[in-house]
Amino acid sequence: MARVLQVVTELVVGGASLTMLDFAEDLASEHELVIAHGRLEDPGNAAARRARRRFPTYELPRLARPLEPRDDLLATRSFVALCRHVRPDVIHSHSSKAGFIARLGALPGADIRFHTVHGWGHTPVDPAQRRELLIGAERLAALRTTKLIAVSAEVREEGLALRIGRADQYAVIGAPVDMRPHVSYFDFDCARAEARAQLRLPQDAEVIGWVGRFSAQKDPDALVAVLGALLARRHNAYAVLIGDGPERATVEGRLASEIAERRVSLIGVRDDVRALLPAFDALLHTSRWEGHPRVVREALAERVPVVTARVAGTDVVAADPRLGAEVEPGDTAAYCAALESILDAPSRCAPIDPHALAPLRATAAEPYRLMRELYAGALARA
């Protein structure tokens, strides 16, 4: 049994943290797991509670997303001290800042260093100087990495194109998502009625859902434009937006009239997203870039079709037209057309035919198997 130190920058209800916890819980039957994370703005969030219930957890208060040289140095020192205390055999980092600090700060003895790339730290909207700095940091950290675990083939290809690591350092392991519905396939109507009652939605309405972080990545301009156009044309249509983030106030302001009419609801971060998804006829997933968006598969698991931007990790939707549609990022007309094609055809609205989901359900456990094999192989060679 190995002692594994898992490190994440932000222990919040988001893709990196939830994926880390899913794998940690699966690995706990074979290894001793410890969780380290950065500064907690909300210690009571669902991901933090889940981690504390199951694992020893340590907060590194200086570890945070922004690039702050003094804080980053102090965070590295704290991480080194934690390694002396925990004495891990394996360090497995998630997210860019934690990944850099964990790999550069690893002490001798922790010779197995995994880093999961949920999405590269640089983005298309970064200034050139910041982008080059972040890419350079990833190249440096890759020199001290046993395996770079990309959550999608697109993430791996981008890393190789940028000369981050060697081809033989990469493994592609997607985020594990439980493809069993929150309720039985036979109880979808009851789940929908309950979810719509909780959200105070008319039971006969057309409902578009959106789940994510209000940030530049999630393309709030497209989100506002699509909802504005769709609700203007369809007088029985409503929208529910789940999440929080720096652009939330802007979105609220631009949809003020629809919110005043109670046709758009922003309900913040929720612990019960899976239970609310059956309220939707379709999920809208606006995004400019991704790694492997969990919410797309979570919606499909709840039998809700998805209209998504064609970005990394969303190709699952293209496998069967019953699952939804992919459009080019930012193409608001295409988003609207795809959503209306679903709303206009009752057979394409939720609930999705279970037979369309059979291939996804059959392979849902594959990421767990791949991760266990990766650990076993690395430890056998150590």
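The values are calculated or read from the model by the stated rules, or taken from the named source; none is laboratory data. Since this is a predicted model, take the numbers as computed values, not measurements. Please note: Cβ atoms are built from the backbone with ideal geometry, for glycine as well, and neighbour counts cover all protein chains shown. Quick note on the areas: whole protein, heavy atoms, side chains included, nothing else; ligands and nucleic acids left out. Shrake-Rupley method; radii C 1.70, N 1.55, O 1.52, S 1.80 Å.
Projected area of region 280-382, taken from the Cα convex hull and averaged over every viewing direction, in nm²?
On the way: hull surface 29.0 nm².
Taking a quarter of the hull surface, the average projection is 7.3 nm².
With respect to the chain, whose longest principal axis is taken over its alpha-carbon atoms, helix 15-27 is tilted by about 60°. Accessible surface for L140 stands near 80 Å², nearest 10, in the context of the full protein assembly shown (1.4 Å probe). Put simply, the amide H of A312, placed in the peptide plane, has neighbours under 5 Å in E290, leaving out anything fewer than 5 places away on its chain. Taking a Cβ cut-off of under 12 Å around I112, the surrounding Lys, Arg, Asp and Glu residues balance to a net charge of +4, with basic ones at +1 and acidic ones at -1.
In sequence order, region 108-117 has phi-based couplings of x, x, 8, 8, 9, 10, 9, 9, 8, 8 Hz under the Karplus curve 6.51 cos²θ - 1.76 cosθ + 1.60, θ = phi - 60°, and Gly or Pro positions carry x. Remark: C-alpha extents of region 74-227 on the principal axes read 61, 37, 33 Å, sorted largest to smallest.
Pairs of Cα atoms nearer than 8 Å and 6+ residues apart set the relative contact order; for the chain it is 13 percent.
The share of Cα pairs per 5 Å bin across region 223-346, counted from zero up to the longest distance, runs 2, 10, 21, 24, 25, 14, 4, 0 percent. Taking S341, S96, S17 in turn, the Gaussian network model of the chain (Cα-Cα springs below 10 Å) assigns the largest fluctuation to S341. Relative contact order of region 214-284, taken over Cα pairs closer than 8 Å and 6 or more residues apart, is 34 percent.
Annotation for region 97-123 versus region 171-227: alpha-carbon center distance of 32 Å. Between L67, L300, L241, the Gaussian network model of the chain with springs among Cα atoms under 10 angstrom shows the greatest mean-square fluctuation at L67. Under a 5 Å amide H cut-off, with hydrogens placed 1.01 Å from N, V306 pairs with L283, G324, A325 among residues at least 5 apart or on other chains.
Scaling against 2.2 N^0.38 Å puts the C-alpha radius of gyration of region 169-223 at 1.65. Count the net charge of all other residues whose Cβ sits under 13 Å from the Cβ of R348, scoring Lys and Arg as +1 and Asp and Glu as -1. Once all neighbours under 13 Å are counted, the net charge is -4. Residues in region 313-327 carry Karplus couplings, in order, of x, 9, 5, 4, 5, 6, 5, 7, x, 5, 8, x, 7, 9, 9 Hz; the curve used is 6.51 cos²θ - 1.76 cosθ + 1.60 with θ = phi - 60°, and Gly or Pro positions show x. The value of relative contact order for region 20-134, using C-alpha pairs under 8 Å at least six residues apart, is 18 percent. Across region 302-353, the convex hull enclosing all Cα atoms gives 65 Å³ per residue.
This structure gives P(r) over Cα pairs in 20 Å bins from 0, in percent, computed directly, and of (i) 28, 56, 16, 0; (ii) 22, 52, 24, 2, 0; (iii) 24, 49, 24, 3 that value is listed as (i).
Could you work out what % of the accessible surface of the chain is carbon and sulfur, using a 1.4 angstrom probe and leaving DNA, RNA and ligands out of the count? Write out the running numbers ahead of the final one.
Details: 8770 of 16700 Å².
Ligands and nucleic acids excluded, carbon and sulfur give 52 percent.
Under a 5 Å amide H cut-off, with hydrogens placed 1.01 Å from N, A171 pairs with L148, I149, A150 among residues at least 5 apart or on other chains.
Over region 167-281, the fraction of Cα-Cα pairs per 10 Å bin, rounded to whole percents and listed from the shortest bin up, is 12, 39, 31, 13, 4, 1. May I ask you to derive the FRET efficiency for A358 and R270 from their Cβ-Cβ distance with R0 = 22 Å, giving the value to the nearest 0.05? The calculated FRET efficiency here is 0.15. Computed from backbone phi, the HN-Hα couplings of region 236-244 come to 10, 9, 10, 9, 10, 10, 10, x, 8 Hz, rounded to whole numbers (Karplus: 6.51 cos²θ - 1.76 cosθ + 1.60, θ = phi - 60°; Gly and Pro given as x).
Between beta-carbons, use under 11 Å as the cut-off and find the net charge around A376, counting Lys and Arg +1, Asp and Glu -1. If you can, show how the numbers build up before the last one.
Numbers: positive: R369, R372, R381; negative: E30, E373.
Charge balance in the 11 Å sphere: +1.
Based on DSSP H segments of at least four residues, each scored -39500 (n - 2.57), the chain has a per-residue ellipticity at 222 nm of -12500 deg cm²/dmol.
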